Amino acid sequence: MPESHWDSQMQQTAQRISYETGKPVTYVLGSIRIRQADGSVSAARGVYTENGIIVQADHRYLNIDQIADHEAFHDIAANLSLIHISEPTRLRR
């Protein structure tokens with residue numbers, strides 16, 4: 001969906017998500033078809049990639065903020081470092 005067709009909510013969400021993740025946001029109409037490794041195809045309402053975030057703009061139940069926030073969470077999770085435990089933890093009885 002070209003940016004010239006975005007409403008103010010779409011513009012604000014894209015700006016916020018791009019600011020939070022550093023990734024561009026693309027809106028599409030209709031569900032996003034994803035081909036799985038086994039060859040099957042499934043539908044998604046949002047996609048996170050290393051190159052950007054794709055959001056279904058016309059989902060029946062979820063608004064674009066909900067979908068975009070979910071995809072932005074994948075960026076946060078991908079950038080978290082693992083917690084390092086320097087001493088073994090002992091279970092107490």
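The values are calculated or read from the model by the stated rules, or taken from the named source; none is laboratory data. None of these values were measured; they are calculated from a predicted model. When we count neighbours, we look across all protein chains shown, and the Cβ atoms used for this are built from the backbone with ideal geometry, even at glycine. Accessible surface is based on the protein model in full, side chains and every heavy atom, while ligands, DNA and RNA are left aside. Shrake-Rupley method; radii C 1.70, N 1.55, O 1.52, S 1.80 Å.
So what is the 222 nm mean residue ellipticity for the chain from helices alone, if each DSSP H run of at least 4 adds -39500 (n - 2.57) and you divide by all residues, rounding to the nearest 500 deg cm²/dmol?
-10500 deg cm²/dmol
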* To do: Could you pull the accessible area for Val28 with a 1.4 Å probe, rounded to 10 Å²?
  => 40
* To do: Please name whichever of Gly30, Ser42, Gln56 sits farthest to the positive end of the charge dipole of the stretch 1-72, dipole taken about the Cα centre and charges placed at Cβ: Lys and Arg +1, Asp and Glu -1.
  => Ser42
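Over the chain, consider all pairs of different Cα atoms and compute the Kirkwood hydrodynamic radius from their mean reciprocal separation; express it in Å, one decimal. Walk me through the numbers on the way to the answer.
Details: mean 1/r = 0.0662 Å⁻¹.
Kirkwood hydrodynamic radius for the chain: 15.1 Å.
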* Rough spin-label spacing in nm, given labels placed 7 Å along Cα→Cβ, for Leu80 and Thr26 -> 2.8
* Structure fact -> Heavy-atom accessible area of Asp38, protein chains in place, probe 1.4 angstrom, given in Å² to nearest 10, is 120
* Structure fact -> Contour minus Cα-Cα span, Arg35 to Tyr61, at 0.36 nm per residue, comes to 7.0 nm
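Probe radius 1.4 Å, ligands and nucleic acids ignored: give me the carbon and sulfur share of the accessible area of the chain as a rounded percent.
51
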* With axes computed from alpha carbons, what is the tilt in degrees of helix 8-21 against the longest principal axis of the chain, rounded to the nearest 10 within 0 to 90? -> 30
